[in-house]
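The values are calculated or read from the model by the stated rules, or taken from the named source; none is laboratory data. Just so you know, these numbers come straight off a predicted model, no measurement behind them. Reconstructed Cβ throughout: ideal geometry from the backbone, glycine too, with neighbour counts over all protein chains shown. Side chains included, ligands, DNA and RNA excluded: accessible areas come from the protein's heavy atoms. Shrake-Rupley method; radii C 1.70, N 1.55, O 1.52, S 1.80 Å.
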Amino acid sequence: MKQYITLSEEVRAAQEQGKPVVALESTIISHGMPYPQNVQTAREVEQIIRDLGAVPATIAILDGKIKIGLSDEELEMFGQSTDVAKASRRDLAYLLATKKKGATTVAATMICAELAGIQVFVTGGIGGVHRGAETSMDISADLEELAQTNVAVICAGAKSILDLGLTMEYLETKGVPVMGYQTDVLPAFYTRSSQFNVNFRVDDAETIASTLKAKWDLNIKGGAIIANPIPEEDAMDEATINNVIEQALKEAEEQHIKGKDVTPFLLAKVKELTGGKSLESNIALVKNNAVLGAKIAVSLDLLNK
Ligand code: PSU
Ligand code: MN
């Protein structure tokens with residue numbers, strides 16, 4: 001297995017010294033945000049994590065290896081290149097065998113993080129059950145991964161490009177706990193609330209860490225979602241964003257966008273239709289998640305010692 005995994009020097013040293021590590025995904029860089037904001041955000045998020053006493057590990061597939069921690073040049077390359085595959089669970093083996101470049105989704109990042117012994121992973125939003133999934137069967141592999149891989153995912157909830165109610169039902173069936181950080185309701189990415197409740201409200205990072213520890217001590221396999229609402233000042237107006245999402249969904253349908261292209265298409269469309277405002281919100285919420293994720297990683301590390 002080791003032949004497929006390369007740790008950056010920073011991550012290797014952190015693990016040797018028993019320092020907490022936070023995983024970060026690369027699909028958000030290659031397919032979730034435009035250049036150069038993607039690379040700039042990735043760098044800033046890494047620095048936020050370092051400033052809080054943890055070590056960032058951005059994960060991607062390159063040269064037949066799972067890279068745990070990217071160099072500055074690699075981050076730049078994943079931000080600029082147009083030939084990077086969106087890599088989910090099904091794609092990992094093929095991309096490694098053919099030495100192609102892959103940007104890992106939430107699902108694939110969870111797999112790689114677990115292989116590297118990393119328990120905490122920060123991102124923006126997760127995939128879920130798409131609207132109309134009862135006919136399209138478009139359900140993100142992220143949900144299956146959360147059901148079976150022991151990594152906690154800190155996100156700002158899920159966007160209403162998804163069916164949030166069905167996503168919560170799916171997670172319930174799979175036994176994935178959804179914790180709301182200082183909130184009773186599921187945040188909807190660009191906005192702080194939705195009409196759905198989280199499973200548990202948790203007000204501090206220590207309680208989140210001890211909940212994760214209890215779950216894994218008991219060998220209850222699978223991850224957990226920690227839903228962290230976007231800061232008030234960065235949130236978008238609910239009516240505006242809902243209109244934009246409706247429009248984006250309509251265009252996706254008209255253009256027959258399918259499979260793995262759906263989510264990147266909708267993200268780019270929403271950005272275009274909001275004149276870039278959605279991108280600003282997206283950047284702000286990822287940074288906010290990095291702060292919480294680093295605190296959880298530090299707490300969990302103390303509990304594990
Ligand atoms: N949501 C976002 N930004 C993203 C993604 C989701 O706000 O970049 C990415 C993540 O990598 C997530 C993936 O794992 O999209 C889900 O894709 P799909 O719906 O095709 O499973
Ligand atoms: Mn899909």
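Of all residue pairs spaced 6 or more apart or on separate chains, those with beta-carbon atoms under 7 Å, a first member in segment 255-269 that is part of a helix (DSSP H, G or I) and a second member that is open to solvent by less than 50 Å² (accessible area, probe 1.4 Å) and of a type in the set (Asp, Glu) are VAL262/ASP138; LYS269/GLU251. Residues of segment 266-305 that are of a type in the set (A, V, I, L, M, F, W, C), at pLDDT 95 or above and open to solvent by 40 Å² or more (accessible area, probe 1.4 Å): LEU273, VAL291, VAL298, LEU302, LEU303. Of the residues making up segment 143-161, those that are in contact with a Gly (Cβ under 7 Å, 6 or more places away or on another chain) and open to solvent by 10 Å² or more (accessible area, probe 1.4 Å) number 4. Residues in segment 238-263 that are open to solvent by 90 Å² or more (accessible area, probe 1.4 Å) and away from ligand 2 (no atom under 16 Å from the Cβ): GLU238, ASN243, GLU246, LYS250, GLU254.
Only one of the numbered conditions (1) away from ligand 1 (no atom under 16 Å from the Cβ); (2) of a type in the set (Val, Ile, Thr); (3) surrounded by fewer than 22 Cβ atoms within 10 Å (Cβ to Cβ); (4) more than 20 Å from ALA23 (Cβ to Cβ) is not met by ILE139, and that is (1). A single member of LEU266, LEU300 is in contact with a helix residue (DSSP H, G or I) (Cβ under 6 Å, 6 or more places away or on another chain) and within 16 Å of ligand 2 (Cβ to nearest atom), and it is LEU266.
Anything in segment 13-56 that is open to solvent by 10 Å² or more (accessible area, probe 1.4 Å), in a loop (DSSP other than H, G, I, E, B) and of a type outside the set (D, E, K, R)? List them, or say none. Matches in segment 13-56: GLN17, GLY18, PRO20, MET33, PRO34, TYR35, PRO36, LEU52, GLY53.
Taking the numbered list (1) more than 25 Å from ALA294 (Cβ to Cβ); (2) modelled with pLDDT of 95 or more; (3) of a type in the set (Asp, Glu) in turn, GLU238 passes all entries but (2).
In segment 83-93 there is at least one residue matching the filter, namely being within 17 Å of the chain's Cα centre (by Cα) and open to solvent by 60 Å² or more (accessible area, probe 1.4 Å).
Looking only at residues of segment 165-190 that are under 17 Å from the mean Cα position of the chain (by Cα) and within 13 Å of ligand 1 (Cβ to nearest atom), we find that the one that is nearest to ASN243 (Cα to Cα) is TYR190. Scan segment 84-96 and give yes if some residue there is more than 15 Å from ligand 2 (Cβ to nearest atom) and of a type outside the set (A, V, I, L, M), otherwise no. Scanning segment 84-96, I find at least one residue that is more than 15 Å from ligand 2 (Cβ to nearest atom) and of a type outside the set (A, V, I, L, M), so the answer is yes.
Here is the figure for segment 125-159: residues that are in contact with an Asp or Glu (Cβ under 9 Å, 6 or more places away or on another chain) and away from ligand 2 (no atom under 16 Å from the Cβ) total 4.
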